[in-house]
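Accompanying notes for the structure given below.
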Amino acid sequence: MSTDKKYLINWVGGKRLLRKIISPLIPENINSYIEPFGGGGWILFYKEKWADLEIYNDLDGRLVNLFRIVKYHPNAFKEEYKYLLGSREMFLQILNSTPITDIQKAVQFYYVISRSFGAKGRDFGAVRYTSGGACKSQKNVLEKIDAIHERLDKVLIENKDFEELIKHHDAPESFFYCDPPYSKGCGYVTATTSEFNHQRLRDTLAGIKGRFLLSYDDSEEIRELYKDFEILEIERLNGINRRWQTKRVNKTYKELLIANYKIT
């Protein structure tokens with residue numbers, strides 16, 4: 001899979017800007033690679049294969065349905081998608097439509113996310129400086145469908161609570177890459193999930209036999225929760241907030257990588 005085809009969907013809080021930092025920190029001697037908070041799957045898709053058993057999990061049924069359709073029905077997805085243009089009228093029409101089949105739901109979700117500003121699924125993505133957003137290449141999208149279909153061939157796609165998933169698959173040679181909702185968002189208000197129980201995640205990970213690597217925002221709450229674990233401070237560009245600005249300002253956003261093994 002070529003570098004530009006190693007993802008399917010942009011997602012708020014996705015790890016596009018951090019995948020080159022995270023990837024070398026993932027242990028090689030693992031039997032299973034599990035993402036309890038799969039999101040856009042940027043880390044999963046960054047490598048052709050992480051382990052014999054690979055699991056993508058997310059509680060968002062729209063994401064799970066999209067990846068299941070791309071895995072099992074890629075041609076049907078492409079047939080539905082290939083004539084959808086990057087126009088404001090079509091965007092609003094599809095945004096307000098009511099799809100019936102799982103394939104139609106996957107296509108609607110993917111189209112709205114990929115053609116909207118900041119992948120937020122609300123406003124038409126009429127970008128000012130680049131050819132992305134509404135002008136996204138249709139040819140590239142269809143090629144990505146085929147590439148991700150092949151990558152998902154042996155990946156198990158789940159829709160479970162993170163605690164249930166982690167406890168079920170925990171073993172000494174299991175590895176969990178966790179990218180949960182951040183305590184203060186990830187630079188975007190929409191990424192903040194106030195209902196998420198950060199302590200329940202910490203308690204779950206603290207008791208596992210396997211290894212975990214965790215991405216989080218750099219906040220006092222998270223530092224206190226994980227003070228007994230390995231913590232690596234990193235920074236990334238807060239890219240989405242500067243796309244619309246007349247003068248691009250490279251603002252940085254501080255994050256933490258946390259693990260129960262050496263990552264420094």
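The values are calculated or read from the model by the stated rules, or taken from the named source; none is laboratory data. Note that the coordinates shown come from a computational prediction; the quantities given were computed from them, not determined experimentally. Reconstructed Cβ throughout: ideal geometry from the backbone, glycine too, with neighbour counts over all protein chains shown. In case anyone asks, the SASA skips ligands and DNA or RNA and just uses the protein heavy atoms, side chains included. Shrake-Rupley method; radii C 1.70, N 1.55, O 1.52, S 1.80 Å.
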Exercise. How high is the relative contact order of region 3-111, given as a whole-number percent (alpha carbon pairs under 8 Å, six or more residues apart)?
Worked result: 24 percent
For this session: Count the net charge of all other residues whose Cβ sits under 14 Å from the Cβ of N65, scoring Lys and Arg as +1 and Asp and Glu as -1.
Result: -1
Exercise. H73 accessible area, nearest 10 Å², 1.4 Å probe?
Worked result: 90 Å²
Exercise. In square angstrom, rounded to the nearest 10, how much accessible surface does S219 have for a 1.4 Å probe?
Worked result: 10 Å²
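Whenever you get a sec, compute what percent of the accessible area on region 18-87 sits on carbon and sulfur atoms (1.4 Å probe). Don't skip to the end; give the middle numbers.
On the way: 1560 of 3060 Å².
The nonpolar share, carbon plus sulfur, comes to 51 percent.
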Problem set entry | In region 38-104, GluC sites (Glu not before Pro) in a DSSP loop with at most 13 other beta-carbon atoms within 10 Å | E48
Exercise. Computed FRET efficiency, Cβ-Cβ of E221 and N159, R0 22 Å: what is it to the nearest 0.05?
Worked result: 0.20
